[in-house]
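Note sheet for the following structure.
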Amino acid sequence: MSTLDYFAGIDIGASNIKYGIVNSNGEIIFRDRKPARVDKGAIPLLHLITNIAENLLLRAAEDDITVPWLGVGSPGTVDNLNGSIKGNSPNIPNWVGTGIGEHLRNYLNMPVYVDNDANAMALAELRFGAAKRFNSAVCITLGTGIGSGIIVNKQLWRGSDFSAGEIGHIVIDYNGKKCRCGNIGCLEAYCSSQAILDRTRDKCRNGMTEILSEALDGDLSNLSVKKMFAAAKKGDEIALAVVEETGTILGAGLSGVVNLLNPEALIFGGGIIDGGAGLIEIIGAEIRRRCFAAASENLRILKAELGNDAGFIGAGLLGEYKTKTGG
Ligand SMILES: [Zn+2]
């Protein structure tokens with residue numbers, strides 16, 4: 001019987017930092033989360049991550065577990081060679097330029113690997129989850145933002161300057177809505193969780209439907225993505241229309257990704273896809289309606305298997321991936 005390896009990972013999200021230890025069979029040994037409070041800015045966040053890293057390593061030591069490195073997944077464009085934030089991180093003030101890798105390596109005196117959070121999620125799905133049996137796949141996260149990790153020949157495609165996979169910023173309407181990235185008409189401006197809430201509120205301008213009203217105690221300020229999807233599942237007219245529209249827009253945008261890459265699978269994770277209500281089926285139907293048949297006839301459209309754990313698991317795997325592939 002071969003001995004197991006253990007991996008420690010931290011996943012920095014817009015609302016929570018998730019972290020834990022997983023073994024080389026994909027079994028989670030320990031996991032926890034802390035509020036990220038990204039509004040406080042880069043330095044307090046870096047202190048929080050350092051504190052979490054120390055606690056995680058202490059926890060491993062207490063359980064007699066040896067972790068050979070620490071992995072960190074972060075929003076934004078991440079230079080994975082030196083572990084710094086290179087750009088595009090609108091949710092965390094002053095995060096661009098932060099040398100997380102260098103700081104943690106110096107502080108912890110051990111190897112530290114940092115990558116984009118969507119790349120980490122893709123790596124976890126590739127090793128233990130829904131992407132395991134494919135050579136090529138695009139792992140898409142739908143939530144506060146829309147991102148992806150692209151797998152080609154069982155390896156991450158990070159792009160020439162670490163910026164590949166930003167499918168939330170594919171322009172679907174060149175005259176369209178303003179996006180947080182500064183551009184106009186991006187997919188994310190229509191299908192992020194905030195955009196979905198805005199669209200639902202807009203449809204309620206002339207009054208709420210009965211099921212939605214009941215779910216929100218008659219107060220639109222109680223609206224959340226979760227409640228909207230719950231109302232859709234009960235057959236609420238407005239909520240169903242929002243789900244249908246969101247799926248159609250996502251399918252239209254993602255058909256470009258399928259035509260471009262012709263991957264074996266699209267794998268969806270994140271809070272919005274967890275809402276259910278047929279969203280993934282609507283996305284799939286729209287992709288098949290719009291794509292070249294050759295690109296979509298064998299395409300598999302699946303849900304991610306590792307859920308909220310994918311980010312920290314994938315971060316933990318970064319060192320193993322580097323050892324195996326050099327990347
Ligand atoms: Zn954008």
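The values are calculated or read from the model by the stated rules, or taken from the named source; none is laboratory data. Here the structure is a predicted model, which is why all the values come from computation and not from measurement. Quick reminder, even Gly has a Cβ in these numbers, built from the backbone with ideal geometry, and neighbours come from all protein chains shown. Protein only, heavy atoms only, side chains kept; ligands, DNA and RNA dropped before computing areas. Shrake-Rupley method; radii C 1.70, N 1.55, O 1.52, S 1.80 Å.
Overview of results
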read-out: Residue-wise HN-Hα coupling along the range 66-80, computed from phi with Karplus coefficients 6.51, -1.76, 1.60 (Hz; x: Gly, Pro); value: 9, 10, x, 7, 10, x, 9, x, 9, x, x, 7, 10, 6, 6
read-out: In sequence order, calculated HN-Hα J values of the range 11-20 (Karplus, 6.51, -1.76, 1.60; Hz; x Gly/Pro); value: 10, 7, x, 5, 10, 10, 9, 9, 8, x
read-out: Accessible surface ranking that places the most exposed of 27, 245, 62 first, with a 1.4 angstrom probe; value: 62, 27, 245
read-out: Highest-MSF residue in the chain out of 260, 299, 126 [GNM, Cα springs under 10 Å]; value: 260
read-out: Cα long-axis angle, helix 237-261 against the chain (0 to 90 degrees, to the nearest 10); value: 60
read-out: Surface per residue (accessible, 1.4 Å probe) for the chain, Å²; value: 46
read-out: Charge tally in the Cβ shell below 9 Å around residue 83, where Lys, Arg are +1 and Asp, Glu are -1, residue 83 excluded; value: -2
read-out: Only Lys, Arg (+1) and Asp, Glu (-1) charged, at Cβ; the range 134-260 dipole about Cα centre in debye; value: 320
read-out: Acute angle (nearest 10 degrees) that the helix 279-290 long axis makes with the longest principal axis of the chain, alpha-carbon atoms; value: 80
read-out: Probe 1.4 Å, all protein chains present, accessible-area order of 302, 81, 254, 58, largest first; value: 81, 58, 302, 254
read-out: Principal-axis tilt of helix 193-203 within the chain, Cα atoms, nearest 10 degrees; value: 10
read-out: Inter-label distance for residue 244 and residue 303, nm, one decimal - labels placed 7 Å from Cα along Cα-to-Cβ; value: 2.3
read-out: Apportionment of accessible area to carbon and sulfur, the chain, percent (1.4 Å); value: 48
read-out: Gap separating the Cα centres of the range 189-205 and the range 268-294, nearest whole Å; value: 18
read-out: Residues whose placed amide H lies under 5 Å from that of residue 69, excluding near-sequence neighbours; value: 8
read-out: Under Karplus coefficients 6.51, -1.76 and 1.60, residue-wise ³J(HN,Hα) of the range 101-108 in Hz, glycine/proline x; value: x, 4, 4, 5, 4, 5, 6, 9
read-out: Solvent-accessible area of residue 47 with every protein chain in place, 1.4 Å probe, in Å² to the nearest 10; value: 110
read-out: Gyration tensor (alpha-carbon) shape descriptor, the chain, a/c threshold 1.5; value: prolate
